[in-house]
Amino acid sequence: MKQHKGASCRPLFKKDQPVQRGQVVGQSSETSILSPVDGHVSEVNKNFRHFDGTLTTGLTITPSEESEQEQQPAAEGPVMDKILYRGVLDSGAAQPLMRKLVKAQEKGVRTLIISSLDEFFIFGSRAALLAHHTQEALEGIQLLQRILRPEVTYLAVYEECFPLIRESAAIPESIRLVPLQAKHPQHKDPLLVSAITGQEYPLESSPLELGIASLSLETASTLASVIQNEEANTAKALTVLGPDPNQQHNVWVPLGAPIRHVLEHMGGNTEEVAKVIVGGPLSGTALSSLDYPVTKEMDQIHFHRAQDQITYSSEICVKCGYCVEVCPMRLMPFLLSGYSSTGYIDMAAENDIFSCIECGCCAYVCPVHIPLVQWIQVGKSRLSTNLRSEAL
Amino acid sequence: MSEFKLTVTPSPHVHSGNSLSRMMRDFTIALLPATIFGIYFFGPDVVRSVLIAVVSAVVWEGLSQWLSGRKLELDNLHAVFSGLLLALILPPGLPWWTILVGTLLMVMLGKEAFGGYGSNPFNSVLVAWVALQLSYPDYMAQWILPLADPATTSSPMEVFASQGPAYVREYFSFTDLFLGRTPGFTGQVSALMLLIGGAYLLWRKTINWRIPVSYLAGVFFFAGIFWLLGTGAYADPVFHLLAGGTMICAFFLATDLPSSPTTPQGMILFGLGAGILTVTIRTWGAWTFGAFYAVLIFNMFTPFLDKIAPDVYGR
């Protein structure tokens, strides 16, 4: 019941009740979750562990043998209602799209950035959507243009994909195609915004303060399919890599399907898999079980074999400055990590620890393998706890 | 519970593969041209002093870490690199026990006393060098003269200090200085060999260009200003670049990781400052080898230079 950032959805079904594909099974004030299949609710687990560590409710839907006629989704009326009742998220940030659009309308949007960039993959699921479902993607962007009324719209693509997209699609005049260097973490909002508009914003605020809305291409694509083609939002475009590191697939996966099925469908051997990562290899989260369902938060899944694994062992920092050199937010990661690990979290706050986007570049280059991102996460969470207890 | 276990760790899940031992290996490889030149120029005796320095540095470090019950960190190869580097900035033919004292001070006083490599505020090699320079000034100025008919028995920097810049040009041509045909420290004499090593380090991205380039620029331009102002009274900036250990400081001593700044602006200021101080000490100071002292003194500024943090995104 939680496939996004924000409050969990309330389950609308009880055990053993039948559900139909496209029916809303979970509802919150900002988004919805739709059943991906016809079937019945076989289990309601109130203590389902979300991979971010929080607890939510999990519904297990067992699909029925005979597929019934698909019911027309209930939501009719204004576009915003459809966005709400079909649970459209902004796939980059996993934020309910409605929340984002309402805020954007309040602030007023001059610049709209649509990103087809994925972490790690040059031709990931978003680029694939743009290349193979071009019409839908462009319709979605035009829908967003009608909702937000921006002065300019940019479509960010990786340089490598740029010729392909430019030739394959008739991009309307109103959309400017921007080729960007494939350099991690270019796909993250702050860097997209600065690369395209040259503007920067403090991380605790948002690009909306500058009149910039940044949305993922997949969002546009989903929006078009939901609004114009009246389809239920029950599948997710994923890029899957591994266990063989040369095997990359861009696939559609029904939401709620266990990751095990994805792996088996790809022909991967479960025995080989030692680590499952949701999100990119530099900033993704490792899952504890292959039975975790595919959710709307996932853009990519990496299966690592035992021999692909690396360990981070904390040694003494040698002050080489590599982390400072690579930090896209121009922080001093070794200092933040040092303050956090020695308990000087106030100093970490002074040095803008909350501006860290946890892209993983610092730990990636560290010659003494310090788990910098982990220490920064520890520092952030300690600081947040302190702030909360002070507020009480 | 599934039948097999998955690993769960925080991100990132990949690593560049860089390691301290790789970097130290690069540093050591980069010193090889200068070492080989030293052996060729000063004779096979250099092999003996290099071996003594490297082996004793490794032994002292192992002993220290074993006695203090710490994890052995010899696999990071810093002992090997710093032993070799110290041997290269000592005069060829230094008595064996002096080298032992040097490496002992380097490991214990320069590094282990602060908690191992990474925590030392000063370049450990320079700490040892200065200690030897102050303790055994006579030994440290005894040069082996490999040339058949030497014009002088002093190193270029000593000639400069005692007799002035005019005499230097008489004894040593720029070609001599560039190739290393002068009396001096084992691995310091040949600017060419050190440039080759430095280029290798830059190519491997082991060191950042900022410190060497700004250091050399600091030396060149500061010396250049006075050279243009006072005709004959001050040495040619090219002399300052080629002689007296400028090159080994630029690529190997000033770039020591723990004792040099980490921020881009800090690195530039560190290099420029140390470069200017090098020329200052050489021209007006009492010490002959200003470059080494300048770098060591600027090590003290590193914590302050690190305060010049880059502007955080969006602020």
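The values are calculated or read from the model by the stated rules, or taken from the named source; none is laboratory data. Small disclaimer: the values here were computed from a predicted structure and weren't measured. FYI the Cβ positions are ideal-geometry reconstructions off the backbone, even for glycines, and counts take in every protein chain you see. We work out accessible area using only protein heavy atoms, side chains counted, and drop any ligands, DNA or RNA first. Shrake-Rupley method; radii C 1.70, N 1.55, O 1.52, S 1.80 Å.
Could you rank A:Ser194, A:Ser35 by how accessible they are, 1.4 Å probe, largest area first?
A:Ser194, A:Ser35
Could you give me the ³J(HN,Hα) list for the range A:270-281, computed from phi with Karplus coefficients 6.51, -1.76, 1.60 and θ = phi - 60°, whole Hz, x at Gly and Pro?
For the range A:270-281, the Karplus curve yields 4, 5, 6, 7, 10, 8, 10, 10, 9, x, x, x Hz.
Pop out the ³J(HN,Hα) list for the range B:46-55 in order, Karplus 6.51 cos²θ - 1.76 cosθ + 1.60 with θ = phi - 60°, rounded to Hz; leave Gly and Pro as x.
3J(HN,Hα) across the range B:46-55, in whole Hz: 4, 4, 4, 5, 5, 4, 4, 5, 5, 5.
Could you compute how fast chain B diffuses translationally, taking Rh as the Kirkwood radius over C-alpha pairs and applying Stokes-Einstein at 10 °C with viscosity 1.306 mPa s? Give it in µm² per second.
Using the Kirkwood radius from Cα pairs, D works out to 78 µm²/s.
How high is the FRET efficiency from B:Leu228 to B:Thr153, r the C-beta distance, R0 30 Å, rounded to 0.05?
0.40
Go through the range A:90-187 and name the trypsin sites (Lys or Arg not before Pro) that are in a DSSP coil and have 14 or fewer other Cβ atoms within 10 Å of their Cβ.
Of the trypsin sites (Lys or Arg not before Pro), the ones in loops of the range A:90-187 whose Cβ has at most 14 other Cβ atoms within 10 Å are A:Lys183.
Sequence gap at least 6, Cα distance under 8 Å: using those rules, report the relative contact order of chain B to the nearest whole percent.
17 percent
Per residue of A:228-237, what is the mean number of Cβ atoms on other protein chains within 10 angstrom of that residue's Cβ?
0
Which number do you get for Rg(Cα) / (2.2 N^0.38 Å) in the range A:307-392?
Ratio of Rg to 2.2 N^0.38 Å for the range A:307-392: 1.10.
Which values of log₁₀ I(q)/I(0), to two decimal places, follow from the Debye formula for the range A:142-209 at q = 0.12, 0.22, 0.26 Å⁻¹ with a uniform point scatterer at every Cα?
-0.37, -1.09, -1.23
Between B:Ile308 and A:Ser313, what FRET efficiency follows from the Cβ-Cβ distance if R0 is 30 Å, with the result rounded to 0.05?
Step by step, r from the Cβ atoms, then E = 0.45.
State, to one decimal in nm, how far the label point of A:Val326 lies from the label point of A:Thr270, with both points 7 Å from Cα in the Cβ direction.
3.5 nm
Residue-wise, which Karplus ³J(HN,Hα) couplings in Hz belong to the range B:199-216, taking 6.51 cos²θ - 1.76 cosθ + 1.60, θ = phi - 60°, and x for glycine or proline?
So the Karplus estimates, Gly and Pro as x, are 4, 4, 5, 5, 5, 7, 6, 6, 10, 7, 5, 4, 5, x, 5, 6, 5, 5 Hz.
Using DSSP to define loop residues, name the GluC sites (Glu not before Pro) in the range A:197-296 whose beta-carbon has at most 10 other beta-carbon atoms within 10 Å.
A:Glu204
Using helices alone, I'd like the mean residue ellipticity at 222 nm for the protein assembly as shown: each DSSP H run of four-plus residues gives -39500 (n - 2.57), total over residue count, nearest 500.
Roughly -13000 deg cm²/dmol at 222 nm, from the helical runs in the protein assembly as shown.
Mind checking the range B:169-244 for chymotrypsin sites (Phe, Trp or Tyr not before Pro) that DSSP puts in a loop (not H, G, I, E or B) and that have at most 16 other Cβ atoms within 10 Å?
For chymotrypsin sites (Phe, Trp or Tyr not before Pro) across the range B:169-244 that sit outside H, G, I, E and B with at most 16 neighbouring Cβ atoms in 10 Å, the list reads B:Trp209.
Write down the accessible area per residue of the range B:207-315 in Å², having rolled a 1.4 Å probe over the full set of protein chains.
Ligands and nucleic acids excluded, the result is 36 Å² per residue.
Given points 7 Å out from each Cα along the Cα-Cβ axis, report the A:Phe354 to A:Thr62 separation in nanometres with one decimal.
Simple spin-label model gives 4.8 nm for this pair.
Net charge near A:Leu55: determine it from the other residues with C-beta under 15 Å of the C-beta of A:Leu55, scoring Lys and Arg +1 and Asp and Glu -1.
Net charge in that neighbourhood comes out at +3.
From the P(r) of the range A:46-203, could you give the percentage of C-alpha pairs in the tail past 24 Å?
More than 24 Å apart: 46 percent of the Cα pairs in the range A:46-203.
Report the relative contact order of chain A, percent, no decimals, based on alpha-carbon pairs under 8 angstrom and at least 6 residues apart.
Over chain A, the number comes to 13 percent.
What figure, in Å² to the nearest 10, do you get for the accessible area of B:Leu88 with a 1.4 Å probe and non-protein molecules left out?
Near enough 0 Å² of accessible area.
Please work out the Cα convex hull volume for the protein assembly as shown and give it in Å³ per residue.
196 Å³
Please compute how much accessible surface disappears when A pairs with B, both sides summed, using a 1.4 Å probe, and round it to the nearest 100 Å².
Summed over both sides, the interface buries about 4200 Å².
Let me have the relative contact order for the range B:10-110, percent, based on Cα pairs under 8 Å that are six or more residues apart.
Contact order relative to length: 36 percent.
So for the range B:1-108, considering every pair of alpha-carbon atoms, how many percent are separated by more than 23 Å?
42 percent
Once the convex hull of the C-alpha atoms of chain A is built, how many Å³ does it hold per residue, rounded to a whole number?
So the per-residue Cα hull volume is 157 Å³.
Just for the protein assembly as shown, what percent of DSSP beta bridges are antiparallel, to the closest 5?
For the protein assembly as shown, the DSSP antiparallel bridge percentage is about 65.
Once the Cβ-Cβ distance between A:Asp291 and B:Tyr136 is put in as r, and R0 is 60 Å, what FRET efficiency do you end up with, to the nearest 0.05?
Approximately 0.25, to the nearest 0.05.
What do the square roots of 5 times the Cα gyration tensor eigenvalues come to for the range B:220-304, in whole Å, largest first, as semi-axes of the equivalent ellipsoid?
Computed over the range B:220-304, the values are 23, 12, 11 Å.
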